[in-house]
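Below is one structure; the comments refer to it alone.
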């Protein structure tokens, strides 16, 4: 009986050490990710003026192409803190975007010990595909920005002049880019969950109707502008990427069966 109790005590101590090591590893990865965000924010902050011109380019182009909108592409600061608020928002969102490869790498390194050796080989593909899809989502958000603004302005009426506060415009643009970028990471998450056997491609294929409905509902919720153009620009590619992720899941399943037979 005493020996049994001693074994239980040893096992519990080992489990506690293991949990402590996991928490220390998680803290280490979070600190590295935060440092990457801070460095990225400082870089973006040093190029604030070119970045701001880039973000306002769709609005200025729209004002030139639609003189009936009564706007000239100028942003206004309505308070003494608007300028610094706009800088901090661009720096923080830009730093988060610039640090994305580092953040994804830290996530992978934290979860890699739970994967099989052959699954760890997907690390490079995981990082490259995630960054590429995030960039694609951000590009589509930026490309549809003038169309979204045109739709929203058209509801103002003919005799309404457009004068935008700099902080509100910056928030709209940066949140749209982040929403589209994160939305386009959805298939990477699905592939990863299939890789670790949390879900199966057969289940995803069986639930495709609910998945498509959920995608369009999510796109409507996370699109900051709330216009149908942006919503469809996000939902349709996400649906296509969902189908592609299911196909990749079946390919992974086939590779595993082939490896087991060999």
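In the stretch 47-73, which residue that is free of Cβ contacts under 8 Å to residues at least 40 places away in the same chain and assigned to a loop (DSSP other than H, G, I, E, B) is nearest to residue 171 (Cα to Cα)?
So the residue we want is 73.
Name, by its number, the condition in (1) in contact with a helix residue (DSSP H, G or I) (Cβ under 9 Å, 6 or more places away or on another chain); (2) at pLDDT 85 or above; (3) over 20 Å from residue 132 (Cα atoms); (4) surrounded by fewer than 19 Cβ atoms within 10 Å (Cβ to Cβ) that does not hold for residue 101.
Checking residue 101 against (1) in contact with a helix residue (DSSP H, G or I) (Cβ under 9 Å, 6 or more places away or on another chain); (2) at pLDDT 85 or above; (3) over 20 Å from residue 132 (Cα atoms); (4) surrounded by fewer than 19 Cβ atoms within 10 Å (Cβ to Cβ), the one that fails is (3).
Go through the residues of the stretch 199-217 one by one and say whether even a single one is over 26 Å from residue 169 (Cβ atoms), over 19 Å from the mean Cα position of the chain (by Cα) and buried (at least 19 other Cβ atoms within 10 Å of the Cβ).
Yes, the stretch 199-217 has at least one match.
The rows are residues; the columns are (1) at pLDDT 90 or above; (2) surrounded by 12 or more Cβ atoms within 10 Å (Cβ to Cβ); (3) within 27 Å of the chain's Cα centre (by Cα).
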position	(1), (2), (3)
13	no, no, no
19	no, no, no
23	no, no, yes
41	yes, yes, yes
46	yes, no, yes
52	yes, yes, yes
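Given the conditions (1) within 15 Å of residue 175 (Cβ to Cβ); (2) modelled with pLDDT under 90, which single one is not true for residue 153?
Every condition holds for residue 153 apart from (1).
Which of the residues belonging to the stretch 135-153 are more than 10 Å from residue 58 (Cβ to Cβ), touching a residue at least 24 places away in the same chain (Cβ under 8 Å) and surrounded by fewer than 18 Cβ atoms within 10 Å (Cβ to Cβ)?
Matches in the stretch 135-153: 135, 136, 151, 152.
Would you please name the residue that is farthest from residue 99 (Cα to Cα), looking only at residues in the stretch 157-166 that are surrounded by 17 or more Cβ atoms within 10 Å (Cβ to Cβ) and modelled with pLDDT under 90? Walk me through how you get there before you give the answer.
Narrowing the stretch 157-166 to residues surrounded by 17 or more Cβ atoms within 10 Å (Cβ to Cβ): 162, 164, 166.
If we keep only those that are modelled with pLDDT under 90 too, we end up with 162, 164.
Working: 162: 34, 164: 29 Å.
Once the filter is applied, the top-ranked residue is 162.
Out of curiosity, is residue 244 touching a helix residue (DSSP H, G or I) at 6+ places or on another chain (Cβ under 8 Å), farther than 23 Å from residue 93 by Cβ and modelled with pLDDT of 90 or more?
Numbers: touching a helix residue (DSSP H, G or I) at 6+ places or on another chain (Cβ under 8 Å): yes; farther than 23 Å from residue 93 by Cβ: yes; modelled with pLDDT of 90 or more: yes.
For residue 244, the condition - touching a helix residue (DSSP H, G or I) at 6+ places or on another chain (Cβ under 8 Å), farther than 23 Å from residue 93 by Cβ and modelled with pLDDT of 90 or more - is met.
Yes or no: the stretch 218-230 includes at least one residue that is out of contact with any strand residue (DSSP E or B) (no Cβ under 6 Å at 6 or more places or on another chain) and over 30 Å from residue 90 (Cα atoms).
no
Every residue in the stretch 145-188 that is under 23 Å from residue 92 (Cα atoms), touching a helix residue (DSSP H, G or I) at 6+ places or on another chain (Cβ under 7 Å) and not in a helix (DSSP H, G or I), please.
Within the stretch 145-188, 165, 185 meet the criteria.
Between 68, 82, which is touching a strand residue (DSSP E or B) at 6+ places or on another chain (Cβ under 7 Å) and modelled with pLDDT under 90?
Of the residues listed, the single one that is touching a strand residue (DSSP E or B) at 6+ places or on another chain (Cβ under 7 Å) and modelled with pLDDT under 90 is 82.
The values are calculated or read from the model by the stated rules, or taken from the named source; none is laboratory data. These figures come from a predicted structure and were not determined experimentally. Here Cβ is always computed from backbone atoms with ideal geometry, including for glycine, and neighbour counts include all displayed protein chains.
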